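Accompanying notes for the structure given below.
Nothing in this text is a laboratory measurement; each read-out follows from the coordinates by a stated rule. No experiment lies behind these values; they were computed from the predicted model shown.
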Amino acid sequence: MSATLLTIVLNWRTPEMSLKAAEAALADMEGLDAELVLVDNDSQDGSFETMAQAAEARGWTEGGRVRVVQSGRNGGFGAGNNVGMRLGLSSGAAPDFIYILNSDAWPDRGAIPALLDHMRRNPGVGIAGSHVRGEDDAPHITLFRFPSIAGEFEGAARTGVISRLLANAIVPLPIPTEVTAVDWLAGASMMMRREMLDRIGLFDETFFLYYEETDLCRRAAKAGWRTDYLPQSRVVHIGSVSTGMKTWARTPDYWFASRRYYFVKNHGAFYAAAATLARIAGQAIWEVRRAVSGKPQADPDRFLRDLIAHALRAPKPLKKTARTLHPATEDRP
């Protein structure tokens with residue numbers, strides 16, 4: 001019996017690019033028992049209408065192969081993908097696997113089948129992700145260790161002697177040439193097992209953007225599921241088109257909020273405070289090195305001051321989060 005697959009492309013104000021991602025995914029899904037959902041994350045710029053009309057004109061919507069839906073609100077990356085996951089297949093059945101693809105990414109031929117085949121052959125794998133490269137063929141680092149106090153200090157300090165001493169805490173991992181189990185993967189091209197999601201829940205919607213994949217992979221690991229990186233599954237990714245991360249003048253508050261929430265949720269308030277102090281200390285070392293050596297700026301403007309200011313503010317009350325694949329079984333307020 002073939003496995004069923006639901007692919008989700010989440011759009012926010014990049015309809016033409018989302019359609020390109022969907023087109024590439026559909027070509028790679030040929031021959032699979034698979035459907036695709038384009039979720040517009042409340043763009044309010046005509047994106048939904050543009051994508052719906054294009055999908056209809058291209059014949060994608062016949063037989064429920066492609067659906068274009070509105071999220072109803074922009075709750076962020078995790079919430080938008082949760083909308084697609086809850087829809088399930090057009091028949092009303094739940095898929096065996098769910099594949100999320102960024103709107104600014106497109107898979108090479110064979111990328112999606114490679115992930116699906118690997119997960120079918122390895123029942124202990126709950127999440128699998130692709131090798132991601134830019135349009136210039138430069139590889140993107142998308143596999144990581146879980147964040148820690150030591151990792152926060154090392155990553156902020158960016159100093160050779162510190163990195164050598166804390167080598168086992170460095171968060172970004174070297175890109176391997178063979179299938180490798182990792183702590184967590186970026187969500188540009190990620191396949192998930194529905195059985196796992198039924199057990200651990202969907203993306204935590206308290207995260208608006210950033211750290212939601214980290215949290216999901218951590219919950220998977222705690223429940224005994226493995227996360228694998230597959231270099232043979234290859235995807236082109238422009239990166240940060242919707243979020244504008246590469247051109248941030250200042251780091252947005254939601255990045256700091258997601259970071260703090262991740263540490264508090266998974267390690268407690270004391271650990272979160274220690275991780276922030278470690279990052280501040282490491283950042284201070286980096287700023288001194290920059291002042292002495294003339295190294296170029298590597299962070300958005302006023303990053304250290306913004307990090308300290310956010311750490312001193314009381315956190316906002318946390319909202320209800322999505323816990324299961326099936327809305328009817330979720331706790332109600």
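Could you work out which residue, out of SER91, SER163, SER71, moves most in a Gaussian network model of the chain, that is, has the largest mean-square fluctuation with Cα springs under 10 Å?
Sorting by GNM fluctuation, first place goes to SER91.
So what is the 222 nm mean residue ellipticity for the chain from helices alone, if each DSSP H run of at least 4 adds -39500 (n - 2.57) and you divide by all residues, rounding to the nearest 500 deg cm²/dmol? Intermediate values should be presented prior to the final figure.
Working: 11 runs with 130 residues, N = 333.
Dividing the helical sum by the residues of the chain leaves -12000 deg cm²/dmol.
Please compute, over every Cα-Cα pair in the range 78-142, the percentage with a separation greater than 16 angstrom. Don't skip to the end; give the middle numbers.
Details: 1222 of 2080 pairs.
Pairs farther apart than 16 Å: 59 percent.
Once you treat every alpha carbon in the range 1-120 as an equal point and sum by Debye, what is log10 I(q)/I(0) at q = 0.17 Å⁻¹?
Here the Debye-derived log intensity ratios amount to -0.77.
Pull out a ≥ b ≥ c, the square roots of the eigenvalues of the alpha-carbon gyration tensor of the range 23-83, then state rounded if a/c is under 1.5, prolate if not and a/b is larger than b/c, and oblate in the remaining case. All intermediate terms of the calculation are to be shown ahead of the outcome.
Values: a/c = 2.51, a/b = 1.48, b/c = 1.69.
It comes out oblate by the Cα gyration axes.
Hey, what's the per residue convex hull volume over the C-alpha atoms of the chain, in cubic angstrom? Working shown, then result.
On the way: hull volume 48.0 nm³, N = 333.
Normalising the Cα hull of the chain by residue number yields 144 Å³.
Based solely on C-alpha atoms, express the radius of gyration and the Dmax of the range 116-203 in angstrom.
When restricted to Cα atoms, the range 116-203 yields Rg and Dmax of 15.4, 44 Å.
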